[in-house]
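Report on the structure given below.
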């Protein structure tokens, strides 16, 4: 009886260990798996790693910049052409170069005292990634034992440096510095930012026009200029964060049919080190137990990699079949599909599909996309057909782009238009989708021409 219990416990432990390894490997993206395999090989002498032609082609990867599309939930990777890569573009400064760039602007032929130069360098050292100053005048004055006026004078010098707005302490100051470079402090854009930033944020142009007894068109022109300014001094100077990805699945059209494959090109080949398996037969005691334990771990890892490939391949084939219209016509043709639907069709647990989709990408002839994007949400319209969320968002975007800018559609009006097109949707849902599309409310979209 005791023997039977022990056998069951050992069997359960073995299955759990193998399943855990398999699930961990399945959940990893190709980039994460690369790093994990390197660690496993370093820890386990029974593992062989062969790169051969599996080295990552970083030049190719760097041509794939991950861009969020308007939905916020989906992302596509667009390939940057060779022509674009070789055209001349403004040189972007890396974050670590900003300090050097600012120090180089310190004038050498001025009456700047040694202490003032130290204060200036102190300010430069205390800029955040957006270019805003993170220390107060009081802090600088106390640190260098100078009057507040002296600390303020040095900050004024920093405000003359490029990029415009550098060293500002808040959004208002950042905008005012930029306006002052072009206009006087009595100009309308300066007055709006200095006195009516809240009204500007709310889109209350009519109120501002009434306060100054000005035509709405003149206020609109001033607001347009303000909106052309940088809210963050370093937003164009620093290189925007780009996430590099390696596609896990490749879909190509061959002979009129879509063919899928699991991308192993960028992953090393993992195998058992035969030298140590032979050694295990000849040794005993602690050494043999150590090698046996590592052999077991190596076998479980290799099995997990094989299962990962099988699961991704089966899922890819299913997606190409179910979302055939997407591969032919693009995003608007996506059909609503749940992780649960895929799990039922593949006869696996929903959590398995969730792990398979996590941080994975599919490469197509027209771009690289997040696998999650192919699982489009949706709901029933009045004709009994399912509309995908991406289709509805696209329609909302089209309606807003074609609206009269002096009388933009409210969320309620957009919902009414969509209902007229047989799409049952609430005002609240329209507002949610509009915000996910990064489109302002109707009050902020109004324009006076």
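Annotations for the structure displayed:
- Residue match in the stretch 250-263 (condition: assigned to a loop (DSSP other than H, G, I, E, B), more than 30 Å from residue 178 (Cβ to Cβ) and under 27 Å from the mean Cα position of the chain (by Cα)): yes
- Residue list for the stretch 193-204, filter: assigned to a helix (DSSP H, G or I), modelled with pLDDT under 90 and under 16 Å from residue 220 (Cβ atoms): 199, 200, 201, 202
- Test: residue in the stretch 350-359 that is farther than 30 Å from residue 24 by Cβ and at pLDDT below 90: no
- When residue 294 is tested against (1) modelled with pLDDT under 85; (2) part of a helix (DSSP H, G or I); (3) under 43 Å from the mean Cα position of the chain (by Cα), just one condition goes unmet, and that condition is (1).
- Remark: pairs (first residue in the stretch 328-345, without any contact (Cβ under 8 Å) to a residue 12 or more places away in the chain; second residue buried (at least 16 other Cβ atoms within 10 Å of the Cβ) and part of a helix (DSSP H, G or I); Cβ separation under 6 Å; 6+ apart in sequence or on different chains) = 333/326; 343/353.
- Only one entry of 354, 359 meets the criterion of being surrounded by 15 or more Cβ atoms within 10 Å (Cβ to Cβ) and at positive phi, and that entry is 359.
- Residue list for the stretch 116-135, filter: in contact (Cβ under 8 Å) with a residue 12 or more places away in the chain and in a loop (DSSP other than H, G, I, E, B): 129, 130, 131, 132, 135
- Flag if residue 190 is part of a helix (DSSP H, G or I), without any contact (Cβ under 8 Å) to a residue 24 or more places away in the chain and under 27 Å from residue 130 (Cα atoms): yes
- Set 292, 207, 216: member being touching a helix residue (DSSP H, G or I) at 6+ places or on another chain (Cβ under 9 Å) and outside the structural domain of residue 166 (by TED's automatic domain parsing): 292
- Condition met for residue 322 (under 32 Å from the mean Cα position of the chain (by Cα), in contact (Cβ under 8 Å) with a residue 24 or more places away in the chain and within 30 Å of residue 391 (Cβ to Cβ)): no
- Test: residue in the stretch 146-157 that is more than 24 Å from residue 125 (Cβ to Cβ), in a helix (DSSP H, G or I) and at pLDDT 90 or above: no
- Against the test of being within 25 Å of residue 207 (Cβ to Cβ), without any contact (Cβ under 8 Å) to a residue 12 or more places away in the chain and surrounded by fewer than 20 Cβ atoms within 10 Å (Cβ to Cβ), the options 141, 180 yield a single qualifying residue, 180.
- Members of the stretch 144-159 found to be surrounded by fewer than 17 Cβ atoms within 10 Å (Cβ to Cβ) and in contact with a strand residue (DSSP E or B) (Cβ under 9 Å, 6 or more places away or on another chain), listed by number: none
The values are calculated or read from the model by the stated rules, or taken from the named source; none is laboratory data. Since we're looking at a predicted model, the values are computed, not measured. Using ideal geometry, Cβ is built from the backbone for each residue, glycine included, and neighbour counts are taken over all protein chains shown.
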